[in-house]
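The values are calculated or read from the model by the stated rules, or taken from the named source; none is laboratory data. Computed from a prediction, not measured in an experiment: that's the story for all the values here. Cβ placement follows ideal geometry from the backbone for every residue including glycine, while neighbour counts extend to all protein chains displayed. Calculation scope for accessible area: heavy atoms of the full protein, side chains included, ligands and nucleic acids excluded. Shrake-Rupley method; radii C 1.70, N 1.55, O 1.52, S 1.80 Å.
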Amino acid sequence: MILNDAIDEIIDNVRVVSSELDEKTIMELMDVLTSSKDVFLLGQGRSGLVARAFAMRLMHLGISVYVVGETITPAITQDDCLLAISGSGETSYIISTAKIAKKRGAKLIAVTSYDDSTLGKMSDLIVHIQGRTKIDIEKNYIKRQINGKHLSLSPLGTLFEVSSLIFLDGLIAQLMDRMGKTESDLKERHTVLE
């Protein structure tokens, strides 16, 4: 079934992302997240949902966190960081928001598939998450077939979005270890107004 093939493709991409993680980048990322006065998260569409999920877990860890665009989001300062999630690194709203954050002196972290994108080039730290590949860009059917390449079964940005969600949830586990937090500590901060 196509369903099983699509799931296998997503799992394979997550494994590639996991195998390519750079320990130095992860350590630097954790340093920025834990030393910033406030952490701001940004993403559009499904990447925005990933940002919100990560924001919730950071809050559970006791990190002061805001999602850009919410009415309670304060001004960003030089003591803060903005973590922007964009597969392409070219989403206009994310670029314009990142420029504001940089202008105000905040650190900028990019989670993207394209390190050389506009977002990547302006960032202080890049976390590379593989998404769609050049296979999907190649429009020539015959050339793809000769090379044994086929179009992705995962539509649009699915590979990037799912892999980013899993990476960021894994990062929460790493932060828990670094901060000496347990699941019980996180549960204490979980909403009770439900």
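General observations
- Top positive-direction residue, dipole computed over the chain with Cβ charges, set 94, 82, 174: 94
- Neighbourhood charge, 14 Å Cβ-Cβ cut-off, centred on residue 115 and excluding it, Lys, Arg +1 and Asp, Glu -1: -4
- Largest first, the extents of the alpha carbon coordinates of segment 40-92 on the three principal axes equal 30, 23, 19 Å.
- Solvent-accessible surface of segment 1-94, taken per residue with a 1.4 Å probe and all protein chains present: 52 Å².
- The Cα-based radius of gyration and maximum Cα-Cα distance (Dmax) for segment 23-118 are 12.4, 35 Å.
- Computed about the Cα centre, the dipole magnitude for segment 94-135 is approximately 180 debye when only Lys and Arg (+1) and Asp and Glu (-1) carry charge, each at its Cβ.
- Database remark: amide H of residue 40 closer than 5 angstrom to the amide H of 66, 81, 82, 83 (H placed geometrically; neighbours at sequence offset of 5 or more, or on other chains; Pro and chain starts carry no H).
- Around residue 1: net Lys/Arg minus Asp/Glu count, Cβ-Cβ under 15 Å: -3
- Here is how the number arises for the chain: DSSP H runs of 4 or more residues each give -39500 (n - 2.57), the sum is divided by the residue count, and the result at 222 nm is -16500 deg cm²/dmol.
- Proximal charge balance of residue 49 [Cβ under 14 Å; K/R count +1, D/E count -1]: 0
- Projecting label points 7 angstrom from Cα along Cα→Cβ for residue 30 and residue 100 puts them 3.2 nm apart.
- Rg/Rh, computed from the Cα trace of segment 1-74 with Rh as the Kirkwood radius, has the value 1.08.
- For the chain, the mean projected area of the C-alpha convex hull, equal to one quarter of the hull surface, is 12.9 nm².
- Its Cα centre serving as origin, the chain has a Cβ charge dipole (Lys and Arg +1, Asp and Glu -1) of approximately 580 debye.
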